[in-house]
Amino acid sequence: AAAAAAAAPPATEVEDAEADPAVDPPAQAHAGLQTAATAEVWAGSAEVFIIRHGERADKAKNRDDGWTDDPPLTKEGRQTAKIAGVALRSLACLPWAPAVYTSPYYRCLQTANELAAELGLPVRVEPGLSELCIRRVFDQQPCLRGPDEALASALQRVEVDTSVAPTLSAPPQWPEEARHANQRVLQTARALIARHPGQAVCLICHSHSLVEITRHLPKTGGGAIGSQAGYCAMSHIAMNGQLLCGLDLSYLKHADLSMGAAPDSALALETSAGNWMHGWQWQGLDSAHTVDPIDTLLDMELDEVLTLYSSFMRLFSRGTSDKQQEWRVGWASHCPTVRQKLQQARASGLFDVAPASQAP
């Protein structure tokens, strides 16, 4: 336990941009997000652990290995991530989901490598858990290591699992608005939880995502959580939706390092459903033969789709200017919320009528 305590970073050690109250506003500002959708998620749902990545080498050692936007962890950061994995073995009440989910950023991949290895699980990359891509953090689209390089060098102890397509097929596009980033991480977390009812799900992400998910995902107990999260800070949400602990570091001190070797995974990786391409773009194996009609819509300009489909135009026109702007931002970045609404609209037949340009 002493080793764990020594490896645990102080709670105030945060990335400056991620601790900004302007980026992570109080819970009241997003009260509308914690609605019936949250209640539905927790109806017989999963146990959730959300963990921030380990110590950044650029912040602690002034070293980024030539990747300003995608720095590695320090040696201490990797050790703390390993301790976090050991601690989680005794904290989960439910059987683990078949993989640990992580942001594609290198610091998160390295964290997931150590943590997942201690749980005996592979890693699934989820772009929806990416760093917020706002002007205050980046002055252009962040430059990340390529998938092949990143996965090969970061995942030394575990395998990458590509048997299931991610909820978001690519990282967010710069510049992302803060409120859109909030919606993105919440929608991603809800989708992953819904995928694993009756199991324990682990999400590896960034300070912003950890804070946002902790504030708004729990059915009870989220509320006015703080805006600062230390390296490898953890939030634990029970199966009934109750927040058991938020932005916690004390769990690291209680890791039983005498537990021995990590358990061997009894799960065999299924056939790959796709591959990660340049820029962390997901490409399904059948994408060359099957085109998702929602992707076809999103590849078009919103105004073009509104012109082609009059029913869609009428619905869009009923929204307030703020709602219309949310649609435009979400459309441009292919956010999960817009995709889900388009799927619902298509299922209801909204796009069944021939486009105006094809009408006889």
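In table form, for the structure just shown:
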| quantity | calculated |
| --- | --- |
| Residue 244 long-range amide H proximity, modeled H, under 5 Å | 236, 237, 238 |
| Spatial separation of Cα centroids for the range 214-249 and the range 175-211, in angstrom | 12 |
| Accessible surface, the range 77-184, averaged per residue in Å² (probe 1.4 Å) | 32 |
| Rg/Rh (Cα only; Kirkwood hydrodynamic radius) as it applies to the range 174-305 | 1.03 |
| Using θ = phi - 60° and Karplus 6.51 cos²θ - 1.76 cosθ + 1.60, couplings along the range 50-58 (whole Hz; Gly, Pro as x) | 10, 10, 7, 5, x, 4, 7, 5, 5 |
| Average Cα contact separation per residue, the range 72-166, under 8 Å, 6 or more apart, as relative contact order % | 31 |
| FRET efficiency, residue 344 to residue 283 (Cβ-Cβ, R0 30 Å, nearest 0.05) | 0.75 |
| Under 21 Å from the Cα of residue 323 - lysines, other chains or at least 8 residues apart | 341 |
| Backbone N within the range 89-122 under 14 Å of label point (7 Å from residue 157 Cα along the Cβ vector) | 89, 100, 109-122 |
| Carbon and sulfur %, accessible surface of the range 203-242 computed with the full protein complex present, 1.4 Å | 49 |
| In sequence order, calculated HN-Hα J values of the range 97-109 (Karplus, 6.51, -1.76, 1.60; Hz; x Gly/Pro) | 4, x, 7, 8, 9, 9, 4, x, 5, 4, 5, 6, 4 |
| Spin-label model distance (nm) - residue 314 vs residue 270, 7 Å beyond Cα toward Cβ | 4.1 |
| Chain lengthening between residue 94 and residue 325 when straightened (0.36 nm per residue, less Cα-Cα) | 79.1 nm |
| Projected label distance in nm at residue 256 and residue 139, using a 7 Å step from Cα toward the beta-carbon | 5.2 |
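The values are calculated or read from the model by the stated rules, or taken from the named source; none is laboratory data. Note that the coordinates shown come from a computational prediction; the quantities given were computed from them, not determined experimentally. Neighbour counts run over all protein chains shown; Cβ positions are idealised from the backbone, glycine included. To get the accessible areas, we keep the full protein, side chains included, count just its heavy atoms, and leave off ligands, DNA and RNA. Shrake-Rupley method; radii C 1.70, N 1.55, O 1.52, S 1.80 Å.
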